[in-house]
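Note sheet for the following structure.
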Amino acid sequence: MQEILNRILEDCRRYTLEGEVASYIPELGKGNREAIGIYAATDEGDFFAGDWDEPFTIQSIAKPIFLMLAVRDNGIDVVKQHVGVEATGKPFNAIDYAEPLLLREHINPMVNIGAIAVCGLVKAADNRERFARLLDFTRRITGNPDLEVDQEVYDSEKKTGNKNRALGYLLKNSGMIYGSVEDLLDVYFAMCSLKVNCRDLARIGLLLAAHGTDRETGEQIIPREEAVFINAVLMTSGMYDGSGEFATTVGIPAKSGVGGGIMADCPGRMGIGIFSPALDKKGNSVAGIKMLERLSREMQLSIF
Ligand code: GLN
């Protein structure tokens with residue numbers, strides 16, 4: 001396994017020259033486009049190569065975390081009364097939703113509008129408590145008690161995230177956000193700005209691969225049926241409007257972020273964390289997808 005990771009990483013290094021580092025959040029533009037790392041967490045142990053321990057912000061990989069905790073708090077059925085599970089085929093930050101009545105089944109939790117709505121479903125007395133619960137939960141599922149917000153990236157997105165603000169107000173206008181939009185967006189921005197590395201992502205992947213059971217303690221952190229639900233949503237929508245293509249070439253549940261991370265899991269086998277910040281036009285890591293394609297082919301990971 002170690003040999004496979006080393007070889008795949010070296011073979012895919014050239015793809016870091018393709019694509020662009022995200023710069024619509026100005027602070028992300030400072031990312032090192034040459035960085036490339038991979039980490040696989042399995043029942044037999046962990047394997048890693050390259051810049052697996054370089055920190056980057058989690059960005060959209062916070063979306064499945066919102067969904068996990070919202071489902072824990074409310075159950076799958078209640079969450080599905082608020083958001084749908086059909087792939088949108090639209091970019092992650094799409095705003096062209098039917099007005100005046102936003103159709104709930106069109107709001108997918110793996111794109112920004114749906115993720116902001118689902119973030120608001122996490123139970124809390126206020127948004128400060130909501131963030132504290134989300135951070136605590138993320139530390140638990142990564143097994144990393146030191147996770148913190150990258151203050152520069154948070155400030156940068158808060159300053160420039162007007163499209164997300166617009167999505168928030170669109171949701172509010174349709175009665176899908178209770179309370180302050182700005183405060184809820186602060187939670188969303190702060191969660192997107194969590195500093196992680198490939199191991200943190202692989203640990204989340206391993207939890208989902210093990211259908212919610214913690215490898216170290218054997219504890220059932222999320223019930224099996226909820227893990228199955230999350231995996232299904234990741235499979236159909238985790239790579240934005242590249243999800244169909246990814247299903248055919250890689251074939252495992254995964255979620256990407258514009259920080260260059262990809263969290264993937266192969267049910268029953270392993271969790272995978274990837275980092276390489278140069279992105280394709282859809283916002284997915286170019287070298288990251290290439291590494292997953294190679295790994296899937298060599299180890300026959302596709303669930304199909
Ligand atoms: N924080 C980013 C945003 O909302 C996350 C997007 C992403 O990773 N695709 O724009």
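What follows is calculated from the coordinates using simple rules that are stated; it is not laboratory data. These numbers come from a predicted model, not from an experiment. Cβ: placed from backbone, ideal geometry, glycine included. Neighbour counts: every protein chain shown.
Placing +1 at every Lys and Arg Cβ and -1 at every Asp and Glu Cβ, with all other atoms neutral, what dipole size does the chain have around its Cα centre, in debye to the nearest 20?
The calculated dipole for the chain is roughly 500 debye.
Among Ile107, Ile221, a tally of other beta-carbon atoms within 10 Å of each Cβ gives an order, fewest to most, of Ile221, Ile107. Computed across region 1-81, the Kirkwood hydrodynamic radius from all distinct Cα-Cα pairs reaches 15.7 Å. Diffusion of region 116-270 by Stokes-Einstein, at 4 °C in a medium of 1.567 mPa s and with Rh set to the Kirkwood radius over alpha-carbon pairs, works out to 78 µm²/s.
Sequence-distant contacts, meaning Cα pairs under 8 Å at least 6 residues apart, place the relative contact order of region 9-137 at 19 percent. Let me know the whole percent of all Cα-Cα pairs from the chain that are separated by more than 34 Å. Above the 34 Å cut-off, the chain has 13 percent of its Cα pairs. Think of region 26-108 as a dipole: +1 on every Lys or Arg Cβ, -1 on every Asp or Glu Cβ, centred on the Cα centre; then among Asn32, Pro55, Phe92, Phe92 lies furthest on the positive end. Just so you know, the Rg over Rh for region 81-178 is 0.99, from Cα atoms, with Rh as the Kirkwood radius. If you take all other residues with their beta carbon under 10 Å from the beta carbon of Asp11, and give Lys and Arg +1 and Asp and Glu -1, the sum is +4.
Among 34-43, 295-304, 251-260, the peptide with the highest mean count of other Cβ atoms within 10 Å heads the list, and the full ranking is 251-260, 34-43, 295-304. Provide the net charge surrounding Gly242, with neighbours chosen by a C-beta distance below 14 Å and charges set as Lys +1, Arg +1, Asp -1, Glu -1. Once positives and negatives cancel, what remains is +1. Our coupling estimate for region 176-188, obtained by passing each phi through the Karplus curve with A = 6.51, B = -1.76, C = 1.60 and θ = phi - 60°, is 9, 10, 9, x, 6, 5, 4, 5, 5, 5, 4, 5, 4 Hz, Gly and Pro reported as x.
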